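The values are calculated or read from the model by the stated rules, or taken from the named source; none is laboratory data. None of the values given here were measured: they were computed from a predicted structure. As a convention, Cβ positions derive from the backbone with ideal geometry for all residues, glycine included, and neighbour counts pool all protein chains shown. With ligands, DNA and RNA removed, areas are computed over all heavy atoms of the protein, side chains included. Shrake-Rupley method; radii C 1.70, N 1.55, O 1.52, S 1.80 Å.
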Amino acid sequence: MEEHELPVLLVNEVGGICGVLEAHVDFLKTHFQLITMREFLENKNILSKNVQAIYLWWHKPVIDPELLQSLPNLKVIANSGVGMDHLDLKLISGCGIKMANCPHAVSSSTADTGMALLLASARRLVEGCHIAVSLDTECFAPDWLGEEVTGATLGIIGMGNVGYKIALRAKAFEMKILYHNRKQRKEEEEQAIGAIYCKKIEDLLQQSDFVMLAVSLTPQTHKLIGKRELELMKHTAILINISRGLVVDQEALLEALHTGIIKAAALDVTYPEPLPRDHPLLKLKNIIITPHLGIKTRKTTRMITEEAVANILAALNGLPMPSEVLPD
C-alpha cells in the first residue's frame, strides 16, 4: 500500500438500524477508506486483502470464523461500547487480531441513564404522565405516592467506570451508597463518594432501597440476579438494570414483580431486545423498560467513534491502544 493511501476500514453499513451514524462518516473518511459489508461481499476477492480494521456498531458486522479467515491482513477490531460478550475474544486473539472497546466515552451517559431510571421509577414518572394526559382523569389522587430518593440506600453491583459515576451522582442526592465488586476500590476512592464495600452481594441486597446493576456480562454474571437474590431484597426495593439483559433472570423478575417480592424495576436492557410484543413484562405497571438508551446521545456517540478511531490508528501504527481488551 502506498503511503498516501488510507487504511481500509470495514463497517456493517452507513445509516440504517445497524450502520455507523451518517453524521460520523466524514470524520471516519478523514482517517480511513470505508467499505460496507455489502460492498465487501460483492467484491470479496478484490477487497479481502485490503481490510485492516473493523468498526463494530451495535454488534455488527457479526465476527465469525468465516469472516476472520477471509481477512488475512486484519489487524484490529474496535467495538462501539464496553461490553464484549458478543465476541469470541479467544478466537479473535488467536488470529493475531487486537481488540478494543470504548469505556471512557460511554461511562457518563450510561450513568446518567441509570440515575434517570432510578428517579423515574421511584417517583413513578411514566405512570404519572399517563394519568396527567388521560382523557379519563378528573382529579389527581392525593394518595398516589412514590418513594423518596434523598437519604435512601443505593446498592451498586459493579463499581467500574460506570458504577463509580453512578455513585458520584447518587452522592449529590445524599444517598447512602453500598457497592459490590470483584475488587474493593481504593480507600480514597471510597471516601470521595462515601461508598461502603459489601464483600457479599447478599449484604447489599438486604440493605438497599435501590439496586443498580452495572456489571459486564460474563459467565460469572449470567443471571446474577435470580429468584434467590430477588427474595433477599426489600419488598419496597426497586431494581435498575443498565448492564445486560442476561444479568437478570427475567422469569424470576416477572414473578417477583407480579407477586410483590420487590416493588418495581427499571430496565434499559432486556433479552432479547426488543422483547416480543406479547411478553408478560410489557403488561406490568410496576416496570419501566427503555430501548437501550445508555449511550444514545449525540455527544456520546461521537465520542465513541473518536475513541474507536484512536484505538484503531494506534494498533495500525504499532502503538499502545488506549482501550485494548485482552481475552481472560
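From the list 29, 49, 44, which one is assigned by the TED database to the domain that holds residue 99, under 13 Å from residue 309 (Cβ atoms) and not small (Gly, Ala, Ser)?
Numbers: 49 fails: under 13 Å from residue 309 (Cβ atoms); 44 fails: under 13 Å from residue 309 (Cβ atoms).
Residue meeting the stated conditions: 29.
Scan the range 18-29 residue by residue and report those that are open to solvent by less than 60 Å² (accessible area, probe 1.4 Å) and assigned to a helix (DSSP H, G or I).
Applying the first criterion (open to solvent by less than 60 Å² (accessible area, probe 1.4 Å)) to the range 18-29 yields 18-20, 24-25, 27-28.
Those that are open to solvent by less than 60 Å² (accessible area, probe 1.4 Å) and assigned to a helix (DSSP H, G or I): 24, 25, 27, 28.
Filter the range 93-123 down to the residues that are without any contact (Cβ under 8 Å) to a residue 40 or more places away in the chain and not small (Gly, Ala, Ser), then identify the one that is farthest from residue 263 (Cα to Cα). Steps first, answer last, please.
Start the filter on the range 93-123 by keeping residues that are without any contact (Cβ under 8 Å) to a residue 40 or more places away in the chain, which leaves 94-97, 116, 119, 123.
Now narrow it down to the ones that are not small (Gly, Ala, Ser): 95, 97, 119, 123.
Values: 95: 48, 97: 46, 119: 14, 123: 12 Å.
Step by step, filter the range 93-123, then rank; the result is 95.
State the number of residues belonging to the range 248-264 that are free of Cβ contacts under 8 Å to residues at least 40 places away in the same chain, open to solvent by 10 Å² or more (accessible area, probe 1.4 Å) and assigned to a loop (DSSP other than H, G, I, E, B).
Matching residues across the range 248-264 total 3.
Taking the range 155-188 on its own, how many of its residues are assigned to a helix (DSSP H, G or I) and open to solvent by 50 Å² or more (accessible area, probe 1.4 Å)? Break it down stepwise before answering.
Restricting attention to the range 155-188, the residues satisfying the condition of being assigned to a helix (DSSP H, G or I) are 161-172, 187-188.
Restricting the remaining residues to those that are open to solvent by 50 Å² or more (accessible area, probe 1.4 Å) gives 161, 165, 168-169, 171-172, 187-188.
Number satisfying all stated conditions: 8.
Among the residues of the range 30-47, count how many are crowded, with 17+ Cβ neighbours inside 10 Å and part of a helix (DSSP H, G or I).
So the answer is 3.
Can you tell which of 328, 278 is at pLDDT below 95 and open to solvent by 60 Å² or more (accessible area, probe 1.4 Å)? Give the steps one after another, and end with the answer.
Working: 278 fails: at pLDDT below 95.
Criteria check complete, one pass: 328.
Considering each residue of the range 45-91, count those that are in contact with a helix residue (DSSP H, G or I) (Cβ under 6 Å, 6 or more places away or on another chain) and more than 30 Å from residue 294 (Cβ to Cβ), and give that number.
Selection size over the range 45-91: 1.
Would you check if residue 319 is farther than 19 Å from residue 118 by Cβ, over 21 Å from the mean Cα position of the chain (by Cα) and open to solvent by 70 Å² or more (accessible area, probe 1.4 Å)? Please lay out each step first, then the result.
Values: farther than 19 Å from residue 118 by Cβ: yes; over 21 Å from the mean Cα position of the chain (by Cα): yes; open to solvent by 70 Å² or more (accessible area, probe 1.4 Å): yes.
The answer is yes for residue 319.
Mind checking whether some residue in the range 288-310 is open to solvent by less than 70 Å² (accessible area, probe 1.4 Å), modelled with pLDDT of 95 or more, of a type in the set (Gly, Ala, Ser) and over 30 Å from residue 24 (Cβ atoms)?
No, that holds for no residue.
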